[in-house]
Amino acid sequence: MAENIVPCPSTLSIHNFSEKIMDIQVNYQVLKMEDSFHIWIGNEAEMGNMSLAMMPSSEKSLATSVHLLGDSSNNLVCSIAEKLAKKSEKQVFVSSGLTYDQLLTPLVEKRIFEELKNQPDKF
């Protein structure tokens with residue numbers, strides 16, 4: 001007996017954007033999922049460090065994060081993930097091959113939040 005299989009619509013979508021910041025071409029790729037998203041940030045084709053952040057249901061002021069892959073002393077991905085989780089109120093994965101730079105990092109974060117503000121449906 002053959003079963004009727006109903007195709008399930010994909011809940012995944014990909015959004016790419018990039019910008020030249022301080023003479024560095026910084027690329028961003030957002031993988032939007034049903035209740036979360038993953039953003040990769042980099043200038044080379046490498047995953048780098050990865051973290052996960054989410055807002056606990058009991059405390060709306062602080063995001064909780066955990067380092068998943070890479071150098072755990074590099075807090076860049078945790079910091080960005082926490083800020084995005086708080087702003088989006090979603091579970092957020094962040095990966096990046098970039099390291100913290102006091103001039104570059106704030107500009108990279110600013111670009112992400114501009115994109116989130118202008119195209120919230122992509123996150």
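The values are calculated or read from the model by the stated rules, or taken from the named source; none is laboratory data. Just so it is clear, the model here is predicted, and its values are computed rather than measured. Virtual Cβ from ideal backbone geometry, glycine too; neighbours counted across all protein chains shown. What goes into the accessible areas is simple: the full protein's heavy atoms, side chains included, and nothing from ligands, DNA or RNA. Shrake-Rupley method; radii C 1.70, N 1.55, O 1.52, S 1.80 Å.
Quick notes on this structure:
- The dipole here belongs to the range 19-69: it is taken about the Cα centre, uses +1 on the Cβ of Lys and Arg and -1 on the Cβ of Asp and Glu, and is about 120 debye.
- Cβ crowding within 10 Å averaged over residues, with 40-48, 97-105 ranked highest first: 40-48, 97-105
- The chain: C-alpha gyration tensor shape, a/c 1.5 cut-off, then a/b vs b/c: prolate
- Cα long-axis angle, helix 104-118 against the chain (0 to 90 degrees, to the nearest 10): 40
- For the chain, a Gaussian network of Cα nodes joined below 10 Å ranks 90, 32, 20 by mean-square fluctuation, and the top entry is 20.
- Computed magnitude of the charge dipole of the range 1-105 (debye, nearest 20; Cβ of K, R +1, Cβ of D, E -1): 300
- Computed with every protein chain present, the accessible area of residue 6 is close to 120 Å² [probe 1.4 Å].
- Most fluctuating residue given options 22, 50, 33, as computed from a GNM of the chain linking Cα atoms under 10 Å: 22
- Whole-number Å³ per residue for the convex hull built on Cα positions in the range 53-123: 94
- Positive-pole candidate from 57, 98, 26, dipole of the chain, charges at beta carbon: 57
- Length released on extending from residue 61 to residue 45, taking residue separation times 0.36 nm less the Cα-Cα span: 2.3 nm
- Highest average packing first - 80-86, 51-57, 111-117, Cβ atoms within 10 Å: 80-86, 51-57, 111-117
- Counting only alpha carbon atoms, the long axis of helix 76-88 and the longest principal axis of the chain meet at about 50°.
- Put a plus charge on the Cβ of each Lys and Arg, a minus charge on the Cβ of each Asp and Glu, and nothing anywhere else: the dipole of the range 61-113 about its Cα centre is then about 240 debye.
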